[in-house]
1. Of all residues being surrounded by fewer than 22 Cβ atoms within 10 Å (Cβ to Cβ) and assigned to a strand (DSSP E or B) in the stretch 321-341, which is modelled with the lowest pLDDT? Just the residue, please.
2. Only strands (runs of 3 or more DSSP E) wholly contained in the stretch 133-222 count here; list those with 1 or more residues that are farther than 21 Å from residue 299 by Cβ.
3. In the list 80, 98, 110, which residue meets the criterion of being surrounded by fewer than 24 Cβ atoms within 10 Å (Cβ to Cβ), more than 20 Å from residue 199 (Cβ to Cβ) and out of contact with any helix residue (DSSP H, G or I) (no Cβ under 9 Å at 6 or more places or on another chain)?
4. Search the stretch 288-305 for residues being part of a loop (DSSP other than H, G, I, E, B) and within 16 Å of residue 7 (Cβ to Cβ), and hand back the single one that is farthest from the chain's Cα centre (by Cα).
5. Regarding residue 63, is this residue under 30 Å from residue 329 (Cα atoms) and touching a residue at least 40 places away in the same chain (Cβ under 8 Å)?
6. How many residues does the stretch 161-174 hold that are touching a residue at least 40 places away in the same chain (Cβ under 8 Å) and either buried (at least 24 other Cβ atoms within 10 Å of the Cβ) or under 11 Å from the mean Cα position of the chain (by Cα) (or both)?
7. Against the condition at pLDDT below 90, within 18 Å of the chain's Cα centre (by Cα), crowded, with 21+ Cβ neighbours inside 10 Å and assigned to a strand (DSSP E or B), how does residue 264 come out, does it pass?
8. Specify the residue that is nearest to residue 117 (Cα to Cα); the eligible residues are those in the stretch 133-147 that are surrounded by fewer than 21 Cβ atoms within 10 Å (Cβ to Cβ) and over 18 Å from the mean Cα position of the chain (by Cα).
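The values are calculated or read from the model by the stated rules, or taken from the named source; none is laboratory data. Keep in mind it's a predicted model, so treat the numbers as computed, not measured. No Cβ is skipped: glycine too gets one built from the backbone with ideal geometry, and neighbour counts run over all protein chains shown.
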């Protein structure tokens, strides 16, 4: 503790990027200054990403053009094993040449928006990079299940906010899709304007996974009206597992800002959707062994059509879940505060292969605090 502040080494402020705060008045208590005219009786006691400190690309970094001249890959990216596809080029692919390497300070929003794919990469870091989807509607970032121990930090991924369809060839995909095994670290990023889901993470056939998702902004998901199979389901994050994939040893989402400022296009769009969409029998007796959803800030203003905002499907939990001290504005949540949190056997499910089907270990009843009233949200 420094200067009597118990949060200083926990909430992310110490390693925040240089830049301008994205939503400086989002947590003002007075409706006179609060961003959406809301009146709050309380707010988180820690410093919140995007409100009390900025996230995304460091403002003192100069971004580089990955396709100088528009038709050939930058020499620095070629040196990292990069290659291209598409005519005109719309995708940059990296393999083992990026092992233990860093993609730093690239502007992938240029040239109508470029997709980046990591295939079989180990130990890579992507930092200070910018994406914005253009009219080619390419999904920004894909990390395949042969990748291991990758890091994404200090980036901006803007899904473009297409109001009609999802991404080309992947209509229900997230701004970022990852099956990375080992530990996937995702910190200090700004994800926004996703046509479908914001983030999608999944287990891997190549080993166990762990997700470290902290100090980010995830803002506005489900902006599109239809996908290839009909309506798009706009979860802010969807994590799942399929047949033959290994366990997730730790799913951690702490100290993030989850903000839905516009109406999702379909009922039932959700916030944190943790293993609610699993498919088939599993490789091992469980799918996820440990879950943390703590110290998040979740805001859904009037008309944003979110429900629920926090979800854990305990059908697939064989270990412990810690869901605590999340601060929530449930104004736009269908069903209000009572429907903001859903932890249990979701959608009439039964015990998964783990066999226990209950939250075990460290779990508290104070899953959240209603910022409108100060009351607990069980």
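1. Step by step, filter the stretch 321-341, then rank; the result is 322.
2. 141-143, 151-153, 176-178, 182-187, 199-202, 209-214
3. Details: 80 fails: out of contact with any helix residue (DSSP H, G or I) (no Cβ under 9 Å at 6 or more places or on another chain); 98 fails: surrounded by fewer than 24 Cβ atoms within 10 Å (Cβ to Cβ).
The conditions single out 110.
4. Among residues in the stretch 288-305 that are part of a loop (DSSP other than H, G, I, E, B) and within 16 Å of residue 7 (Cβ to Cβ), the one farthest from the chain's Cα centre (by Cα) is 295.
5. Working: under 30 Å from residue 329 (Cα atoms): no; touching a residue at least 40 places away in the same chain (Cβ under 8 Å): yes.
Answer is no for this residue.
6. 2
7. Answer is no for this residue.
8. Across the stretch 133-147, the extreme among qualifying residues is 146.
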